[in-house]
1. Using the Cα gyration tensor of segment 119-161, with a ≥ b ≥ c the square roots of its eigenvalues, what is the shape: rounded (a/c below 1.5), prolate (a/b larger than b/c) or oblate (neither)?
2. Mind grabbing the accessible area of F197 for me, 1.4 Å probe, Å², rounded to tens?
3. Under a point spin-label approximation (7 Å from Cα along Cα-to-Cβ), what is the M128-I39 distance to one decimal in nm?
4. Hey, with R₀ at 35 Å, roughly what FRET efficiency would V23 and L74 work out to, going by the Cβ-Cβ distance, to 0.05?
5. Run the 1.4 Å probe and let me know the accessible area of M220, rounded to the nearest 10 Å².
6. Would you list R28, R12, R211 from the most to the least accessible area, probe 1.4 Å?
7. Ignoring ligands, DNA and RNA, what accessible area per residue does segment 172-247 give at 1.4 Å, in Å²?
8. Report the normalised scattering of segment 1-103 as log10 I(q)/I(0) at q = 0.09, 0.12, 0.15, 0.20 Å⁻¹, calculated by the Debye formula with identical scatterers on the alpha carbons.
Amino acid sequence: MDGRGLRRDELRHFLDAALVRKVPRDNRDTPVALRRRRIVCALTLVVGAVILGVGLNVPPGEPLFLLLTGLLALVWLGGAVLAGRMHLGRAWTRDGRLARPLVQSLALGLLAVGVFCAGAVVVAQVPMLRDPVNAVLDHARSAPLPVIVLITLVNGLAEEVFFRGALYAAVTRRPVLVTTVLYTLVTAATGNLMLVFAAALLGVLVGAQRRVTGGVLGPMVTHVTWSVSMLLLLPPLLTALGSAPVG
């Protein structure tokens, strides 16, 4: 087998272990715990969607944006904790053992970054797609970068703890599909087309991870790798492609 064939084989085995072949586990709730989880998750979804919608429509530079974004993270984390127990999960290693999904999830996050950066080349040339991206980045441009990175990191972790932790465990049929749809619908409260599109793609990826690993650690690592990387890479990338807003 030549080098190209070996690389394809390695990639196929990696994707199979990361997104297809489930690890053994038994994390099911009792009927009483499941009912409680569903009630808490439903309330959290409503509150979170409202805060997200208001926060992303605050004018860039307003202190209220940072306040609402921090509050949103607390809502996701609080809802997840109140909903019930969570699990970190495990993943298959190259030699067939089980371990915490750290390196594997980091690699998936970087693959997602590569795909989204490639897509940005197209987005930058289409004003209807480019403008919603710049609308989100305007918030990042209007605050100190360390603060925005911290907010992005915390919110990414909080989203996964809730959506791929508490909410996923509350869904007994087609949880990847259901949690992805709900995650996308909540994001739709922002009114930003590109955020909705990104939420749908990311939701499928981390949902598949949750299905395979049985826990939230893998989705958390992948999500924050993707979100922080895109925060740092998109502004210079769009500028290089000539799409930075004037002024």
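1. Cα axes put segment 119-161 in the oblate bin.
2. The accessible area of F197 comes to roughly 110 Å².
3. 4.6
4. Working: r = 31 Å, r/R0 = 0.88.
Efficiency, rounded to the nearest 0.05: 0.70.
5. 40
6. Highest to lowest solvent-accessible surface, that is R28, R12, R211.
7. Details: 3220 Å² over 76 residues.
Heavy-atom SASA per residue in segment 172-247 reads 42 Å².
8. Once normalised to I(0) and log-transformed, intensities are -0.46, -0.70, -0.85, -0.98.
The values are calculated or read from the model by the stated rules, or taken from the named source; none is laboratory data. What you are looking at is a predicted structure, and each value in this text was computed from that prediction instead of being measured. Counting neighbours? That spans all protein chains shown, and the Cβs are built from the backbone with ideal geometry, glycine included. Accessible surface areas use protein heavy atoms only, side chains included; no ligands, DNA or RNA. Shrake-Rupley method; radii C 1.70, N 1.55, O 1.52, S 1.80 Å.
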